[in-house]
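The values are calculated or read from the model by the stated rules, or taken from the named source; none is laboratory data. Because the structure is a prediction, the values reported are computed rather than measured. With ideal geometry, Cβ positions are generated from the backbone for all residues, glycine too; neighbour counts draw on all protein chains shown. What goes into the accessible areas is simple: the full protein's heavy atoms, side chains included, and nothing from ligands, DNA or RNA. Shrake-Rupley method; radii C 1.70, N 1.55, O 1.52, S 1.80 Å.
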Amino acid sequence: MSQDPDTIMKFPENQNHKIKFMKAALAEAKKAADKNEVPVGAVVVYQGKIIARGHNQRESRQAFHSHAEFLAMMKAAAKLKSWRLEDCEVYVTMEPCPMCAGAMIQARIKSLYYGIKDPKAGVAESLVNLFDLPFNHHIKIEGGLLENESKALLQAFFKQLRSS
């Protein structure tokens, strides 16, 4: 049985775009680490382009909602002049918490791609799958994208934190 060559060629190209956007989220996570924030970064993609970036700033802003993906979605909404982000994708280095997952549902995010699971607060698959509940909007989810890179960044940050 032969496969359609177009199908074979399109999958890697799509995957390359995902990798490119996740690398941008990792760059944001490094910014957070440089500010002694937990290194989580996010980007919002619209029509194949990054329109907003964010990284954790809870400590520097002393604001509980200053998570990477929350900040990036707020910037994206301002750029698009709409709270509805239904044609947007979020790339974040760590599985979202309940607050950020809820914001994604409310903002009508199209797709979520994340790196590493968060066994303490993740609600895409770790603790529960909040996205499986019967909300009026459903988000396509893919985890494990550049998982090793996200994990290494977090481990290095906490190792340094413990040694200080």
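Miscellaneous remarks
- Number of positions in segment 126-140 that are closer than 14 Å to GLY102 by Cα and surrounded by 15 or more Cβ atoms within 10 Å (Cβ to Cβ): 3
- Members of segment 104-125 that are open to solvent by 20 Å² or more (accessible area, probe 1.4 Å) and either under 24 Å from ASN14 (Cα atoms) or in contact with a helix residue (DSSP H, G or I) (Cβ under 8 Å, 6 or more places away or on another chain) (or both): ARG108, LYS110, ILE116, LYS117, ALA121, GLU125
- Within segment 33-59, being under 21 Å from ASN148 (Cα atoms), free of Cβ contacts under 8 Å to residues at least 60 places away in the same chain and among the small types (Gly, Ala, Ser) holds for GLY41, ALA42, GLY54.
- Here ASN16 meets each of (1) assigned to a helix (DSSP H, G or I); (2) open to solvent by 20 Å² or more (accessible area, probe 1.4 Å); (3) at pLDDT 95 or above with one exception, condition (3).
- Count of residues meeting criterion [closer than 19 Å to ASP118 by Cα, open to solvent by 10 Å² or more (accessible area, probe 1.4 Å) and in a loop (DSSP other than H, G, I, E, B)] in segment 71-99: 1
- When every residue of segment 138-157 is checked against the conditions, none turns out to be part of a loop (DSSP other than H, G, I, E, B) and either of a type in the set (Asp, Glu) or over 23 Å from GLN15 (Cβ atoms) (or both).
- Scope segment 93-110; condition touching a strand residue (DSSP E or B) at 6+ places or on another chain (Cβ under 7 Å) and over 12 Å from GLY143 (Cβ atoms); matching residues: MET104, ILE109, LYS110
- The residue that is surrounded by the most Cβ atoms within 10 Å (Cβ to Cβ), counting only those in segment 29-70 that are out of contact with any Pro (no Cβ under 8 Å at 6 or more places or on another chain), in a helix (DSSP H, G or I) and of a type outside the set (Asp, Glu), is ALA68.
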